[in-house]
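Here the structure is laid out as structure tokens; the discussion comes afterwards.
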Amino acid sequence: MLRLVALVLLALLLALGVKLYAGEWGLREIARLKAQIEEQKAENARLKQRNDTLAADVEDLRSGKEGIEERARAELGLIRPDEVFYQVVEPDSLEKMQAEKKKKDDAGH
């Protein structure tokens, strides 16, 4: 009789262990959810930084002409009438441009 009780208790202990490890709210599921939470926190931090940058851009554009002028210069390449535009070409870029021009010249003849 004592062996039967011990065997039943052992079976219950094993069943509870399996339930604890592999059940619906088992240790594996909890570890997966913790990892998912960490990924979401990282994504939230990245999005917050992007939102802060966009909010700063909006504030610059609302605050006056400096933000608008800066954006026009950066995105559209605009210059003031009293300014002189200089374009710096890197040596490797110059070589590429010359090679492309030579290809076009050779293809045209």
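Values computed for the structure shown
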quantity: Electrostatic dipole magnitude of region 27-109 [Cβ: Lys, Arg +1; Asp, Glu -1; Cα centre; debye, to 20]; calculated: 480
quantity: Length added when fully stretched, Gln36-Ala107, from 0.36 nm per residue minus Cα-Cα; calculated: 19.9 nm
quantity: Segment Val84-Ala55, extension gain: residue separation times 0.36 nm, minus the distance between their alpha carbons; calculated: 7.2 nm
quantity: Computed FRET value (nearest 0.05) for Glu69 with Gln98, which takes r as the C-beta separation and R₀ as 41 Å; calculated: 0.70
quantity: Nearest 10 degrees, 0 to 90: helix 27-63 Cα axis against the chain principal axis; calculated: 30
quantity: Cα→Cβ-extended label distance, 7 Å offset, between Glu29 and Ala45, nm; calculated: 2.9
quantity: Theoretical ellipticity at 222 nm over the chain - DSSP helices of four or more residues, -39500 (n - 2.57) apiece, nearest 500; calculated: -26500 deg cm²/dmol
quantity: Among Arg80, Arg71, Arg62: highest mean-square fluctuation, GNM of the chain, C-alpha pairs under 10 Å; calculated: Arg80
quantity: Angle between the chain longest axis and helix 2-22 axis [Cα atoms, degrees, rounded to 10]; calculated: 10
quantity: Cα-based helix-to-principal-axis angle, 91-108 vs the chain, degrees rounded to 10; calculated: 70
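Where a number appears in this text, it was derived from the coordinates with a stated rule and is not lab data. In this text the structure is predicted, and so the values were computed from the model without any measurement. Virtual Cβ from ideal backbone geometry, glycine too; neighbours counted across all protein chains shown.
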